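Below: one structure, written as structure tokens.
Taken together, the values in this text are just the output of simple stated rules run on the coordinates, not laboratory data. For clarity, every value in this text was computed on a predicted model and none was experimentally measured. Cβ placement follows ideal geometry from the backbone for every residue including glycine, while neighbour counts extend to all protein chains displayed.
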Amino acid sequence: MAKEETKMEKIISLCKRRGFVFQGSEIYGGLAGTWDYGPYGVTLKNNITSLWWNRFVDTRDDMYGVDAAILMHQNVWKASGHVGGFSDPLVTDVKTNKRFRADHLLEEMGVDPKGMTLEQMNAVFKEKKIKSPDGNDVSDVKQFNMMFKTNVGALQDDSSISYLRPETAQGLFVNFKNIIDTFHPKLPFGLAQIGKAFRNEIAPRDFIFRVRELEQMEIEYFVKPEDYKKTFDKFLQEQKDFLINDLGLDASHIHEVEIPDADRAHYSKRSVDHEFDFPFGQKELLGLAYRTDFDLKQHTEHSGTDLSYYDEETKERFIPHCIEPTFGVGRLMLAVLSDAYTEDVIDGETRVYLKLSPKVAPVKVAVFPLLKNKPMLIEKAQEVYEMLKKDIKGVAFDDNGNIGKRYRRQDEIGTPYCVTIDFDTVEKDAGVTVRNRDTGKQERVKIEELTSYLKI
């Protein structure tokens, strides 16, 4: 008997079949932890990032956009603590030399590794006689630094060492003084960035959830120390509103989790994660951290540059504290796809569709001629297509295959509406047929009323 596909396997299959996500370097056998976004994946991803930028940057007067370089001076990462501390626990299969995340192996054995030291992990491995996934003994647990190391310039010595950034945050901190000197912002204010980060994950897994090349949307928001709590709570609510109202995620699948002291990053005085019910379990979707003045102090010390802020009203000079909302684009996209993936039965046949919010759907409306071999239908369909494009972003023209196949294809893409031009449209001026993705119901609508009817 054939193994029934899991929901996650079905999502991955749909993503490849419909041009959302492909395996990186696939024709060469693939490269683990890397993924290429196809036409619909790019559009879905861009819709997510545009909604984020609109909510957190464009509609606010206290936010400044930055696009910092991926390659940064090695001392940036020494100051931030990444050179010495950006690591995951690793074990090695003594026979195959394959490496595995020690905390993942513990989780698979029903052990919660959060807050455990290396010594504690090693003790559990020995007590429970935990083997590698290949059934072999493993080495002691060691720390593995996840930064990608490289050299800048022709010289290959210690002075030329650089790293692909493992997070986008430090590019914002090192530009703090540039923004102060150029724009003279009043506290509170934030710096926002969307960009790539790179982590040499020991065991990338769960499709685009844990990868080696990722995209982050991140804010470093600077406040007076006494104002941190109200700002933190405000961003906590804003994050949730973004997930529910902008991306259309089901509120019951989102969980607010306070991170205990032992599990917080070294720079954080308080951290709260929003976790999501993925097909493979409840996992972190996005985070919010109170980084205090740690980063600006570290960069002041290591660079010799004064990163304090002078308050013109109070005549005080101090280093502001920082609130950091962090969003992973790939994880958000996977959450959207997971919530949207739906199966139902229409006319006795199982239908697969993505119940995407029109705000994020890569195609909002698809326009069909009923038949592809009738010039009069094609001409009218093209006319309607061009009309809709003027007011709606994300209109597609589709005449490939019969009408039923087109509906199924657009359902899997997540297109909310399909508009069909038939003979009555041309000969009787009887409007067009609009089909609703979620219900499958069809309704006749006059062409001149079509844009307002769609309400996208």
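Per-structure values
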{"item": "Packing-based exposure ordering (other Cβ within 10 Å, fewest first) of Val223, Val124, Val367", "result": "Val124, Val223, Val367"}
{"item": "Asn75-Asn400 FRET efficiency (beta carbon distance; Förster radius 56 Å; 0.05 resolution)", "result": "0.50"}
{"item": "Amide H contacts of Phe278 (H built 1.01 Å from N, under 5 Å, at least 5 apart or other chain)", "result": "Lys283"}
{"item": "Inverse of mean 1/r across different Cα pairs in region 169-260, Kirkwood, Å", "result": "16.1"}
{"item": "Over the chain: helical MRE at 222 nm, DSSP H runs n ≥ 4 each giving -39500 (n - 2.57), nearest 500", "result": "-9000 deg cm²/dmol"}
{"item": "Taking all pairs of distinct alpha-carbon atoms in region 363-454, Kirkwood radius in angstrom", "result": "12.8"}
{"item": "Ranked packing of 358-364, 303-309, most packed first, by mean Cβ within 10 Å", "result": "358-364, 303-309"}
{"item": "Whole-Hz couplings from phi, Karplus 6.51/-1.76/1.60, listed for region 307-312; x for Gly and Pro", "result": "10, 7, 10, 9, 8, 5"}
{"item": "Rotationally averaged projected area of the chain (alpha carbon convex hull; nm²)", "result": "28.5"}
{"item": "Contour excess over end-to-end distance, with Cα ends at Asp227 and Gln382 and 0.36 nm allotted per residue", "result": "50.2 nm"}
{"item": "Lys269/Lys455 FRET efficiency (R0 41 Å; Cβ-Cβ; nearest 0.05)", "result": "0.35"}
{"item": "Nearby lysines by direct alpha-carbon distance to Lys234 (threshold 18 angstrom, same-chain neighbours under 8 apart not counted)", "result": "Lys224, Lys269"}
{"item": "Residues Ser162, Ser87, Ser252 arranged by fewest to most Cβ contacts within 10 Å", "result": "Ser252, Ser87, Ser162"}
{"item": "Label-to-label distance, nm, for residues given as Glu256 and Asp438 (7 Å Cα→Cβ offset)", "result": "2.6"}
{"item": "Relative contact order computed over region 363-454 (Cα-Cα under 8 Å; 6+ residues apart), in percent", "result": "30"}
{"item": "Only Lys, Arg (+1) and Asp, Glu (-1) charged, at Cβ; the chain dipole about Cα centre in debye", "result": "960"}
{"item": "Cβ-based exposure ranking for Met109, Met146, in which fewest neighbours within 10 Å come first", "result": "Met109, Met146"}
{"item": "Under the Karplus curve 6.51 cos²θ - 1.76 cosθ + 1.60, θ = phi - 60°, whole-Hz ³J(HN,Hα) for region 262-273, x wherever Gly or Pro sits", "result": "5, 9, 6, 4, 4, 8, 9, 8, 8, 9, 10, 9"}
{"item": "In degrees, nearest ten, helix 403-413 long axis to first principal axis of the chain (Cα)", "result": "20"}
{"item": "Rounded to 10°, Cα long-axis angle of helix 375-389 versus longest principal axis of the chain", "result": "40"}
